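First the structure, in the form of structure tokens, and then the observations on it.
The values are calculated or read from the model by the stated rules, or taken from the named source; none is laboratory data. Here the structure is a predicted model, which is why all the values come from computation and not from measurement. So basically every Cβ, Gly included, is an ideal-geometry build from the backbone, and we count neighbours across all protein chains shown. Side chains are part of the model used for accessible areas, which takes the heavy atoms of the whole protein and leaves out ligands, DNA and RNA. Shrake-Rupley method; radii C 1.70, N 1.55, O 1.52, S 1.80 Å.
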Amino acid sequence: MKQFILILLANMFFLNLSLAQDSLQKKHLIVKFAPLAMFDVDNTFQMAAEHNLSGKHWTLSEEFGYGTGKANLWGNSFNSSKSDFRENFRAKIEARKYKEAFTGRYAAYELFYKQINDRYSKNVARECENGACNYYETVSYPVNKFVVGLTAKIGYQLRIRDEFKKNTKFVFDFYVGAGIRRIIINHHDNSGPGEDYWNYGRTSLFDNSGLGYKDARFNIPHLALGFKLGYIIF
């Protein structure tokens, strides 16, 4: 898994270099904030920077976010795991092609990465024989969730106007899209021999704050919908 993550991050880095090699002297830079990410179940405080590539129609955007279970605005409504340990990471790199420079309609291609680190506690029955167990032990172990994906999007970016209907340096960016994501969940359970009766047969990934109760690997379709608020630096 570590090799897979390193390869992914290396590809994101070299994609950035290859796309930006003709734009050493950037003409535009927009810093953006993604407010909806703070209301996500896997909440993050997320910022992005968008700058132009060669020509006036192509841009590149790098986006990063971090959040913790303690800062989750939903509290324990969707977080049945140990929120004191939970932390979320997000990273995106996106290439866009505008119809006009930096404003108006655009098509985008996004590479996505998310990682969740948490801990899970469970009661394990010990020394069981003929259906009777001598005692139960509470064990705690780390859980990791990795998500990688590709998304194609369309959107619209406009400059916000003031009361005199003149363009300001603020922008509003709205988008929709669809893609596919690969989800990998690792439970580092070293509790040893025993019988976990409490979670017997429970496999839903909606349990345990989306981390499930066992290792899993699968692909799912993904729909993207959101907006960002930005400010033009230059």
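Okay, here's what the table says:
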read-out	value
Region 98-109, residues that are over 18 Å from Ile232 (Cα atoms) and not in a loop (DSSP other than H, G, I, E, B)	Ala107, Ala108, Tyr109
Qualifying residue in region 78-91 (condition: open to solvent by 10 Å² or more (accessible area, probe 1.4 Å), among the charged types (D, E, K, R) and part of a helix (DSSP H, G or I))	no
Every residue from region 142-193 that is of a type in the set (Asp, Glu) and in a strand (DSSP E or B)	Asp173
Inter-residue pairs, beta-carbon under 6 Å, first within 29 Å of Ile185 (Cα to Cα) and in region 128-144, second open to solvent by 50 Å² or more (accessible area, probe 1.4 Å) and among the polar types (S, T, N, Q), 6+ apart	Tyr136/Asn123; Thr138/Asn123
Qualifying positions in region 160-177 - open to solvent by 50 Å² or more (accessible area, probe 1.4 Å) and in contact (Cβ under 8 Å) with a residue 40 or more places away in the chain	Lys169, Phe170, Phe172, Phe174, Val176
Selection from region 212-234 of residues that are open to solvent by less than 60 Å² (accessible area, probe 1.4 Å), over 23 Å from Phe170 (Cα atoms) and more than 16 Å from the chain's Cα centre (by Cα)	Gly212, Tyr213, Ala216, Phe218
Subset of region 137-153 [open to solvent by 100 Å² or more (accessible area, probe 1.4 Å) and in contact with a Lys or Arg (Cβ under 7 Å, 6 or more places away or on another chain)]	none
Residue list for region 115-145, filter: aromatic (Phe, Trp, Tyr) and touching a Leu at 6+ places or on another chain (Cβ under 9 Å)	Tyr120
